[in-house]
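Here is the structure we will look at.
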Ligand SMILES: [Zn+2]
């Protein structure tokens, strides 16, 4: 079972960039988990993204780590080609 970190002050999902628990009953930061995808890289996933990607990877017959590593490579490419100015 995956361990989630609750109420981490700096919690932020690497995929959807969520920082707040979306559940209206919880006034806290989003529950996150860290996944080691190899090459000394770790991804931070929120609880929603974790279960979403876990299901997707299982449907495709990939391990979660392989799946996330692929997604991470893609999102790095997207970030480079799609730089937006910070609006906050
Ligand atoms: Zn997320």
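What translational diffusion coefficient, in µm²/s and rounded to a whole number, does the Stokes-Einstein relation yield for the chain at 4 °C and a viscosity of 1.567 mPa s, taking the hydrodynamic radius as the Kirkwood radius over Cα pairs? Please list the in-between numbers first.
Numbers: Rh = 14.0 Å.
D = 93 µm²/s.
Per the helix-only calculation at 222 nm, which mean residue ellipticity applies to the chain, given -39500 (n - 2.57) for every DSSP H run of n ≥ 4 and division by its residues, nearest 500 deg cm²/dmol?
One gets -12000 deg cm²/dmol as the mean residue ellipticity at 222 nm.
Just subtract the alpha-carbon distance of residue 58 and residue 77 from 0.36 nm times their residue separation and send over the number in nm, one decimal.
4.4 nm
Among 28-34, 53-59, how do they line up by average Cβ neighbours within 10 Å per residue, starting with the highest?
Going from most to least packed, we get 28-34, 53-59.
Values quoted throughout were computed directly from the atomic coordinates according to the rules given, and no laboratory measurement underlies them. Because the structure is a prediction, the values reported are computed rather than measured. All Cβ positions, even for glycine, are placed from backbone atoms using ideal geometry, and neighbour counts span all protein chains on display.
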